[in-house]
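The values are calculated or read from the model by the stated rules, or taken from the named source; none is laboratory data. Everything quoted here is computed from the prediction, not taken from an experiment. Heads up, the Cβs are rebuilt from the backbone with ideal geometry, glycines too, and the neighbour counts pull from every protein chain shown. Surface accessibility is based on the protein's heavy atoms, side chains included, excluding ligands, DNA and RNA. Shrake-Rupley method; radii C 1.70, N 1.55, O 1.52, S 1.80 Å.
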Amino acid sequence: MSLNYIKNFYEGCVKPPTVIGQFHTLFFGSVRMFFLGVLGFAVYGNEALHFSCDPDRREINLFCYNQFRPITPQVFWALQLVIVLVPGAIFHLYAACKSINQECILQKPIYTVIYILSVLLRISLEVIAFWLQIHLFGFQVKALYLCDAGSLGEKFTIIKCMVPEHFEKTIFLIAMYTFTVITVVLCVAEVFEIIFRRFCFLIGQ
């Protein structure tokens, strides 16, 4: 539900001045959020319940799962989406308050520069999120996780834990990496498009 509110807010603001920017809004607001909100819950929704270790005791399962997942992928990706939305949302809110339309963004240098800076900031946030995702989740979810349970005072400090639906999670990870790469490519293309259109506008004067 919260993802829908974000999507509606983003789409209700001033539309991006470029064709690529508008496609990015559609891609970001619809496909990526739908994928995370619907399929993400199906893949990761009950992960903690099915995560089991040997010996299979609740406190050991909980301890090892928290070690395996310092932050759940769903929470991380939701935070990523919200944070990446911030630069564009601030610009569009400012544009709406100042009655700045698409033509003004392309015709007035100050608005063009501010818009480009917001896109560059968006790119930077996506790259940082991409690096964090690699650091936290890697590129593959293995079926077996070795948990260091020494602080629990167990007889065996290294405990084997089974990760449920590891292959599905690997596919989902790759898909989220792909979405991030596509978003960055679209943002870079949008910067070039707005510079090109600004150049054409200056020549046409």
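Sorted from longest to shortest, the spans of the Cα atoms of the chain along the three principal axes equal 79, 28, 27 Å.
Accessible area per residue was computed with a 1.4 Å probe on protein heavy atoms; D148 scores about 90 Å². The candidates R58, R122, arranged from most to least accessible area with a 1.4 Å probe in the full protein assembly, appear as R58, R122. What separates the Cα centres of segment 32-62 and segment 188-203 is a distance of 45 Å. With a 1.4 Å probe rolled over the protein heavy atoms of all chains, the accessible area of H24, H135 falls in the order H135, H24, largest first.
What percentage of the solvent-accessible surface of the chain, computed with a 1.4 Å probe over protein heavy atoms, is contributed by carbon and sulfur atoms? Numbers along the way, then the final one.
Working: 8030 of 11500 Å².
With neighbouring chains kept in place, the figure for the chain is 70 percent.
Averaging the sequence gap over all C-alpha pairs within less than 8 Å and six or more residues apart, then dividing by the number of residues, gives segment 112-161 a relative contact order of 23 percent.
Accessible surface area normalised per residue over segment 20-110 is 52 Å², counting heavy atoms of protein chains with a 1.4 Å rolling probe. What the Cα convex hull of segment 83-131 gives, in volume per residue, is 56 Å³. Taking a sphere under 11 Å around the Cβ of A143 and counting the other residues whose Cβ falls inside, with K and R at +1 and D and E at -1, yields a net charge of +2.
Per-residue ellipticity at 222 nm from helix content only, as computed over the chain with -39500 (n - 2.57) for each DSSP H run of at least four residues, stands at -22000 deg cm²/dmol.
Once you wrap a convex hull around the alpha carbon atoms of segment 126-182, what is its projected area averaged over all directions, in nm²?
Numbers: hull surface 18.7 nm².
That works out to 4.7 nm².
Membrane-span-like helices of the chain, defined as complete DSSP H segments with a Cα extent of 27 Å or more along the helix axis and a mean Kyte hydropathy of at least 0.0, are identified as 73-97, 109-137, 166-204.
To the nearest 0.05, what FRET efficiency results for H166 and E59 with a Förster distance of 25 Å applied to their C-beta separation? Rounded to the nearest 0.05, the efficiency is 0.60. Rounded to the nearest 10 square angstrom, M162 shows an accessible area of 100 square angstrom against a 1.4 Å probe.
State to the nearest 20 debye the size of the charge dipole of segment 55-119 about its Cα centre, where the only charges are +1 on K and R beta carbons and -1 on D and E beta carbons. Mind showing how you got there, number by number?
On the way: 5 positive and 3 negative charges, 14 e Å.
So the dipole magnitude of segment 55-119 works out to roughly 60 debye.
Surface calculation, 1.4 Å probe, protein heavy atoms: F23 sits at approximately 110 Å² accessible.
The orientation-averaged projected area of the convex hull spanned by the Cα atoms of segment 51-119 comes to 6.5 nm². Compute the FRET efficiency between V86 and S151 as 1/(1 + (r/R0)^6), taking r as their Cβ-Cβ distance and R0 = 35 Å, and round to the nearest 0.05. Computed FRET efficiency for V86 and S151: 0.40.
Taking 7 Å steps out from each Cα toward its Cβ at Q107 and V185 produces label points 3.5 nm apart. Between N46 and I134, the contour length at 0.36 nm per residue exceeds the alpha carbon distance by 29.4 nm.
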